[in-house]
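The structure appears right after this line, and notes come after that.
Read-outs: derived from the displayed coordinates by stated rules, not from any lab. Quick caveat: nothing in here was measured; it's all calculated off a predicted structure. Note that each Cβ is placed from the backbone with ideal geometry, even for glycine, and that neighbours are counted across all protein chains shown.
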């Protein structure tokens, strides 16, 4: 009997997003050729920043997840249609869509093999199983959401469970024979290292993993078993000294270094950076000297020569917008958006920072409104609400930020929206699921 994927609480993966509709980016040109790439956050490089489409570019087809099915849209209501008919064996729960070698790869469940590796060319006929990695019955190969498909050195990397070694590092060339394990990092029988947050930096693939000795740490690989090694044991005590970015799904590369959040047993979870060596893996700066310390949370993005992120600073403000130039002195709060309770209103939000049209977009709560679309130019005065409308705050949080066709697309509740960055240009495109959604929760 196939071993079931452990529940999230069994590993320190942080929070799990609950959403009725989630946009999962991949783009296809109108004539059928493929462009762009993305993971389950619309980003495979580890940075959650996006870029606007160039003028004169071909119309792009976007694929998104609605009610557990793949849909595609060309930006119009009429052009928003399902990729597969749910009555003809459609796959469900397709997470981690990533472009590789002219196709788009993802994990999905066909109701027979459990969660396995699939690929699509954007058509129903071209949506096929790559390999049944875990051939016994049950949930399948993948852990819910934590796929982190990433292209590196001519292969697609991800975590998978073959039913024997637990969730370990795998790669694929797009064929069944070429879909193979890289290394069994946690050698305890059936336990798994749960590698995640894959990011390419200086010709090497970095990720976090738990080798089963002292918690989750920063690792790197050149694609071979021998070249898959620990970068540095930051917290030499027992337990986890490292947390993956639960939403951005990767590490930001900024000013010649890879940034991440970790704690060394002395400081709380803080901002760290590495050049890929143990000696070059250092604390950027303790952003809070208060007893509780700070907690670097999700959503790293590079914008205008600085690194932006969301952080809790218990001595000043909770879950607010921060930026850094890579130094302790240059790590500062951009704006305290929600000033309730003296700036200490605790509102954890998935930030999903996205760069579009010269600004950084994200969702936030202020003292009056629930989750809304915000943008910033990097200053407190330039950090503003895009549109104040009850329709943009109804239902689930804004999510699935994706740039295409000179517009920023996002989902709120069960509705697909797009914006040009102005209040007047923030419009409802289509309410895809006006009734109760039957998709993944």
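Observations, loosely collected:
- Inter-label distance, nm, simple model (7 Å from Cα along the C-beta direction), residue 368/residue 74: 4.0
- Of 429, 205, the sequence from fewest to most neighbouring Cβ atoms within 10 angstrom is 429, 205.
- Applying 0.36 nm per residue to the separation of residue 121 and residue 328 and subtracting their alpha-carbon distance, the gain on full extension is 69.9 nm.
- Note on residue 225 and residue 388: with the Förster distance fixed at 51 Å, the Cβ-Cβ geometry gives a FRET efficiency of about 0.40.
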